[in-house]
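Notes follow once the structure below has been shown.
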Amino acid sequence: MDNIRLFAKDIHKSFLSQKQEIIALQDVNLDIKEGEFVSLLGPSGCGKSTFLRLVAGLDTCQEGRLELDGKQITEAGRDRGVVFQQYSLLPWLYAWENVAFALKKEASLNKSEKKEKAFHFLKLVGLDGFEHHYPSQMSGGMQQRVAIARALVYKPSLLLMDEPFGALDAQTRKEMQDLLLRVWEEEKCSVLFVTHDVDEAVYLSDRIYVMSARPGKIAKEIPVNLPRPREWDVQLTKEFIEYKREIILELQEKKSTPA
Ligand code: ADP
Ligand code: MG
C-alpha cells in the first residue's frame, strides 16, 4: 500500500480571464498511494476540478511536477478513469454499449469480448438486467452507475471522480457512496474523489486534503483512521463527528481570513 501512484509537487495553475490572472492552484503538493482512497475537499472555486483535470490530462499546469506511477502526465490515458457530475452518456446507445464504447480502441478485444466486459462491469455496479436500457430509461443514480462502469472497464489504476453524486437526491447519494466503497474494495484501484461535502469525504476516504480558495491551496491533510469495511452507522460515532469538527473548523478559519 506504500507505493506512490499519484505524485503532485508544487503545482501552479493560473487562468487568464478578461486580462486578469486568476490563480486557481498555488503550491499544491499531494500524493495518493496504491489502493488508497483520497478526497479533495473544499468550497466552490478552490480549484478542485482544475486539479482533477490536470491529473486526467485534460489540461496542463504552468509549474510543478505531476506523475502517475513515476511517469509525467502529459495527456489523457487509460490508466485513469474519470467520472463527472454529469453522467455524459450517449443517449442513443444502450447501457452496455455506453460501457463498451470506452473500449472502442482496444484492438486486442473482439466485439463479444467487449460486450462481455461491459456486462461484467454493469453487474459490478448493480445493473444486472439493465444492459439493454437507454440512458433516458434510467434514473440519475442508475446513469451514474453506468458512468462508473464505463470508467472502470479498462481497469484504470486511478479513478478520478469530480463531485460524482452532486446531482443525486440524498437517499440515492448514500446508496451510491456504499456502492462505490464496495466497487473500490473489489477493484483495488486508487481513487481521487472531489467533493465539497464533509460527511461524504470522511465516510469514504483514507485521507482528506482540505483546500482553501483564492488562491487554491492545500490547507490541511487529514488521515481518516476509521475501520473498514465501513457501514453507514460509523457516521454516528464520536470519532466520525470529531473528524467532521476538525474539518469544519479548518474551513471556517480559512473563510474568515481575508484573501
Ligand atoms: P472547484 O472545482 O473547486 O469549484 P475550479 O477548479 O472549477 O473550482 O475553479 C478554480 C478557479 O479557477 C475559479 O476561480 C474558477 O473561476 C477558475 N477557473 C477554472 N477554470 C477556468 C477557465 N477555464 N478559465 C478561467 N478561469 C477558470
Ligand atoms: Mg468543481
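Shape class of region 28-183 from the alpha-carbon gyration tensor: oblate, with a/c at 1.5 or above and b/c at least as large as a/b. In loop segments of region 73-161 as defined by DSSP, the GluC sites (Glu not before Pro) with at most 16 further C-beta atoms inside 10 Å of their C-beta are E75, E106.
Going by accessible surface with a 1.4 Å probe and the largest first, D162, D79 read D79, D162. When R145, R207 are compared by accessible surface with a 1.4 Å probe, the order from highest to lowest is R145, R207. Assuming a ≥ b ≥ c are the square roots of the Cα gyration tensor eigenvalues, decide whether region 23-107 counts as rounded (a/c under 1.5), prolate (otherwise, with a/b larger than b/c) or oblate. In terms of gyration-tensor shape, prolate.
The label point for Q252 and the one for E21, both projected 7 Å from the Cα toward the Cβ, are 3.5 nm apart. Within the assembled protein chains, the solvent-accessible surface assigned to M142 is about 40 Å², based on a 1.4 Å probe. Mean residue ellipticity, 222 nm, helices only, the chain: the sum of -39500 (n - 2.57) across DSSP H runs of n ≥ 4, divided by residue count and rounded to 500, is -10500 deg cm²/dmol. With every protein chain in place and a 1.4 angstrom probe, the accessible-area ranking of T195, T172, T60, largest first, reads T60, T172, T195. With the Cα gyration tensor of region 84-131 giving a ≥ b ≥ c as the square roots of its eigenvalues, does the rule (a/c under 1.5 for rounded; else a/b larger than b/c for prolate; else oblate) give rounded, prolate or oblate? Verdict is oblate for region 84-131. Fully extending the segment from S108 to D233 would add 40.6 nm, taking 0.36 nm per residue of separation and subtracting the current Cα-Cα distance.
Each label was represented as a point 7 Å from its Cα along the Cα-to-Cβ direction; for N225 and T74 these points are 4.2 nm apart.
Of the GluC sites (Glu not before Pro) found in region 143-242, those in coil by DSSP whose Cβ has at most 13 other Cβ atoms within 10 Å are E231.
Taking every protein chain into account, the 1.4 Å probe leaves K48 with about 10 Å² of accessible area, to the nearest ten.
The values are calculated or read from the model by the stated rules, or taken from the named source; none is laboratory data. Treat the numbers as computed from the prediction; the structure is a model and nothing was measured. Glycine also receives a Cβ, built like all others from the backbone with ideal geometry; neighbour counts cover every protein chain displayed. Areas reflect the complete protein model, heavy atoms only, side chains present, ligands, DNA and RNA absent. Shrake-Rupley method; radii C 1.70, N 1.55, O 1.52, S 1.80 Å.
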